[in-house]
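Following: one structure in structure tokens, then a few remarks.
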Amino acid sequence: MHSSEDMREVQDETVQFVLTSPDGGGPYIVNVAREIDRVLKTDGVFLFNMGHIPVGSDTYDILENAHAAKYLPLVPYIVARQILSATSFTLEEDLILVKHYGMKPRRIIVNYEHFFMFTKSDKWKYMAEKQGMFAGFTYSPDTPPKAMPKTFDERLVRDFLIAFTETSDLVLDPFAGTGTLGKIAVETGRNAILYENDPAREPEIRRSIGDALA
């Protein structure tokens, strides 16, 4: 368990697919993006997920203190530009996921998630015959949560893996969180590398992957 700013264990151009969702942007994200640029294959895909910035989050407080809260809706695009400026990536698509969380009085509760699709060349793999994906798509949780979830939905991760990878491909999540990508990678016959800064999450990650191996 160490920072994904240094992925010395991973050889150049060996990773087929990267899916991750960090908190905020800044120099740390840029450094990680440079490492992803190094390890991703020429025909690989890097999906960078970033949603709306909730009031009270660390990123919101930083913007509020900098008197820049009016730029909140633009934050995902600002971070995507930071990545583009620091790497050789091309932004192929901004996939918009609309999550429906049910009804409250007089309004529908939704959340918009961006999945910025970065590639290194026009040779990137996409198994269209396996998975139909569109620039805008929706997802409705089985049970609306009491708070916005901080983990990837397993169905979504599985769809991404089917669309962009094949069996035995190497996939990477530099901000592993609870280890969802690793779990689904094991279940679908992919190999995974996970990085996570918070050592307290290691037992949960190991338990998640262990359940998939069982």
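Key figures
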read-out: Index of the failed condition, I108 passing every other in (1) closer than 25 Å to I29 by Cβ; (2) at pLDDT below 75; value: (1)
read-out: Residues of region 111-164 satisfying the condition of being among the small types (G, A, S), modelled with pLDDT of 80 or more and under 19 Å from the mean Cα position of the chain (by Cα); value: A163
read-out: Residue selected from region 189-208 under the condition under 18 Å from the mean Cα position of the chain (by Cα) and over 26 Å from Y28 (Cα atoms), by the criterion surrounded by the fewest Cβ atoms within 10 Å (Cβ to Cβ); value: R190
read-out: Within region 167-180, tally of residues that are aliphatic (A, V, I, L, M) and at pLDDT below 95; value: 1
read-out: Residue in region 161-184 that is touching a Lys or Arg at 6+ places or on another chain (Cβ under 6 Å) and surrounded by fewer than 17 Cβ atoms within 10 Å (Cβ to Cβ) present; value: yes
read-out: Residues being under 20 Å from F160 (Cα atoms) and either surrounded by 15 or more Cβ atoms within 10 Å (Cβ to Cβ) or modelled with pLDDT of 90 or more (or both) - total across region 95-105; value: 3
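The values are calculated or read from the model by the stated rules, or taken from the named source; none is laboratory data. Because the structure is predicted, anything quoted here is derived from the model rather than measured. When we count neighbours, we look across all protein chains shown, and the Cβ atoms used for this are built from the backbone with ideal geometry, even at glycine.
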